[in-house]
Each structure stands twice: as C-alpha cells, then as structure tokens.
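The values are calculated or read from the model by the stated rules, or taken from the named source; none is laboratory data. What you see is a predicted model, and the numbers here were worked out from it, not measured in a lab. All Cβ positions, glycine included, derive from the backbone under ideal geometry; neighbour counts span all protein chains shown. Surface accessibility is based on the protein's heavy atoms, side chains included, excluding ligands, DNA and RNA. Shrake-Rupley method; radii C 1.70, N 1.55, O 1.52, S 1.80 Å.
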Amino acid sequence: VKRRGPRSRTGRATRPGNIAVLMIGSEANPLTAPASAEAIHAVESSLGELGYSMTLGQVRENNRLPSGVDRGEIDGLILHGNAPGRELADRLRRFPVVWIMSPRAASGYWGDRVVTDNAAVGQLAAEYLVDRGHRHVAFLYLETNHLGYPVRADGFSQAASEAGIACDIVRDAESTGMNASDFGTARDSINGLVDRLVALPQRPTGLFVPRAQATPMVFEA
C-alpha cells in the first residue's frame, strides 16, 4: 500500500511521478564526494522502488534550473548542498522539499531535513583510531560555523575519553569556515590549523579530519 505523498502549498497531493534532486553548489562525484554520491545513488534506488522517476540537476551560480523543475512538472524536490539565495529559494518553495546532508548553517534552509548522525560519525572515527593502537588523537575543526561539526567533535571526544586516551580539539577561533572549492583560502586555513596541531606539547598520532575534500590538503600541510 502506498501512502499519499506530502501536500504542496496548493493542497494538491503529491502523486507518484517525478522527483527532482538538485545539487546546489555541490556535486556527487564518487572521487571527490563519495558520501554524497552514495546518498544520491540510494535516493535514486529508493525512488525507483516506490515507482517514482528521478531528475538529477546541478544548480550553479547562474541559478539555472532543469527545465522540468522550471515548468513545475515535478511532484517534489530533494535538495543537497548550500542554502540558495532569496530569488532561487522563492522559486523552489512552491514544491514540497526535503534537504539531505545539508546541516551546514542555521539559516537559509526550509522544509524537512535528513541529516547525518554526526554523534555516531565522531564515535566511529575515535573507535577506528583506538582499534589501531592510538593513545593520543585530535579532531581538526575545519569550520566553526558548520552545525554538524560540534556534534562530531563531542562524539569523538567522548568516545576517546571512554577509551581512556587523550584527545585534543584543534581549532582557530578567528576562522568561521573554509570553502573547499577555493583552494587558496582553504589551504591557508588548513595550514594554520596544522601549525596549531604540531605546536601541541604532546603531538597526537591519530587525526580525525571531518571533511573528505580537505584530507589531501591536510596531508600536504
């Protein structure tokens, strides 16, 4: 038995048809964003099992939408990435919306959200390092304005404490965030964090980098 879908602002029930998945300033490249790619693949598989078709589109700086979305020929939106500007948001608000993996900021989002279990992410990272014999670990706090990172840091620190090992949270209080696509700025931010890491009185041997795209730059630093 299929449940009736969510209602849009017009009161029309969503019918089994076409759902658009929009990547707003993000991507689902298996090489650079494997978690996002896996999530989009899972969405496509689940929609197929429910009898829905899926339109996948990327929304870049020109705010151009797939033609079907622009004409209103969809039943709902699944959004991934950055909160859009007001003009684009107004164009998208006419549809039922669910955001996935987008807890980056407190404002700019609407609709429902399906987010990562950030506490479990931190716990698993700590357990992984503990299982490999590390007795002193650190969390590299890349973005102070990312809503998920405080929870990951807490989960990581708590799991380390329960295992009886030392844990440092390395952060730059003056930095609000990094843009992984702006390699120059991101590299400067990461270099500063790594400087703080290596200056610790007791240097950690295990490191949790909570953003996959930043890992190569951390190794470089």
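Take residues that are farther than 17 Å from SER157 by Cβ and modelled with pLDDT of 90 or more and tell me which of the strands (runs of 3 or more DSSP E) falling wholly in the stretch 74-138 contain 2 or more.
Counting at least 2 such residues, we get 76-81, 97-100.
Taking the stretch 60-94 as the search range and keeping residues that are loosely packed, with under 14 Cβ neighbours inside 10 Å and of a type in the set (Asp, Glu), which one is farthest from ARG211 (Cα to Cα)?
GLU73
Taking the stretch 95-107, which residues are open to solvent by less than 40 Å² (accessible area, probe 1.4 Å) and over 13 Å from the mean Cα position of the chain (by Cα)?
Across the stretch 95-107, the qualifying residues are PHE95, PRO96, VAL97.
Just to be sure I understand, how many residues within the stretch 144-175 are assigned to a loop (DSSP other than H, G, I, E, B) and at pLDDT 95 or above? First the steps, then the outcome.
Going through the stretch 144-175, the residues assigned to a loop (DSSP other than H, G, I, E, B) turn out to be 144-147, 163-165, 171-175.
Those still in the list that are at pLDDT 95 or above too: 163-165.
Summing the residues that are assigned to a loop (DSSP other than H, G, I, E, B) and at pLDDT 95 or above in the stretch 144-175 gives 3.
Filter the stretch 186-221 for residues that are of a type in the set (Ser, Thr, Tyr) and without any contact (Cβ under 8 Å) to a residue 60 or more places away in the chain; which is least open to solvent (accessible area, probe 1.4 Å)?
Among them, the one singled out is SER189.
For the stretch 37-59, how many residues are open to solvent by 20 Å² or more (accessible area, probe 1.4 Å), part of a strand (DSSP E or B) and not aliphatic (A, V, I, L, M)?
3
List the number of the failed condition for LEU50; all other conditions in (1) over 19 Å from THR116 (Cα atoms); (2) touching a residue at least 40 places away in the same chain (Cβ under 8 Å); (3) within 21 Å of the chain's Cα centre (by Cα) hold.
The single condition LEU50 does not satisfy is (3).
Going through the stretch 19-36 one residue at a time, which ones are part of a loop (DSSP other than H, G, I, E, B) and either among the basic types (Lys, Arg) or open to solvent by 50 Å² or more (accessible area, probe 1.4 Å) (or both)?
GLY25, GLU27, ASN29, PRO30, LEU31, THR32
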